[in-house]
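One structure below.
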Amino acid sequence: MNSSFRERTALALSLLLIVSGCSATERLNQAAVAKGRAAAGLVLPPLPDDLRRQEAHAPVLEGEPLIAILARERQALDRANARQGRTVEFYDDLTSRYGRRR
């Protein structure tokens with residue numbers, strides 16, 4: 001065999017090894033990414049700040065008619081109930097995307 005044929009064969013085999021090595025490296029990288037995601041667990045979106053806020057009672061001013069105080073207190077209750085409704089919607093959205101809690 002002449003040396004030119006040996007050199008071309010060696011080059012071809014070297015390239016084959018390099019190409020197959022890159023393929024294996026890519027598969028290893030993909031497996032590592034999948035393993036890392038599994039180990040990290042589920043990343044939930046942050047809870048909206050509005051849902052953490054507490055609703056204060058309506059202020060009671062001396063000499064103010066009780067009906068006015070009651071009206072403000074009911075407005076505060078309406079805001080709290082609306083916030084609680086948004087919390088339920090947020091949780092329902094999470095369970096529909098990520099599954100039920102066990």
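What follows draws every value from the coordinates through simple rules; no lab data is involved. Quick caveat: nothing in here was measured; it's all calculated off a predicted structure. Because the Cβ atoms are built from the backbone with ideal geometry, glycine has one as well, and the counts that use them run over all protein chains shown.
Overview of values
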quantity: Signed unit charges on C-beta, dipole axis of the chain, positive-most listed residue A39, A76, L13; calculated: L13
quantity: Proximal charge balance of V60 [Cβ under 15 Å; K/R count +1, D/E count -1]; calculated: -1
quantity: The chain: calculated mean residue ellipticity at 222 nm from DSSP helix runs of at least 4, using -39500 (n - 2.57); calculated: -25500 deg cm²/dmol
quantity: Average Cα contact separation per residue, the chain, under 8 Å, 6 or more apart, as relative contact order %; calculated: 22
quantity: Other-chain or far-sequence residues with amide H under 5 Å of E55's (modelled H); calculated: none
quantity: Rg(Cα)/(2.2 N^0.38 Å) for the chain, N = residue count; calculated: 2.57
quantity: Relative contact order computed over the stretch 42-102 (Cα-Cα under 8 Å; 6+ residues apart), in percent; calculated: 37
quantity: Cα-centre dipole for the chain with unit charges at Cβ (Lys and Arg positive, Asp and Glu negative), debye to 20; calculated: 760
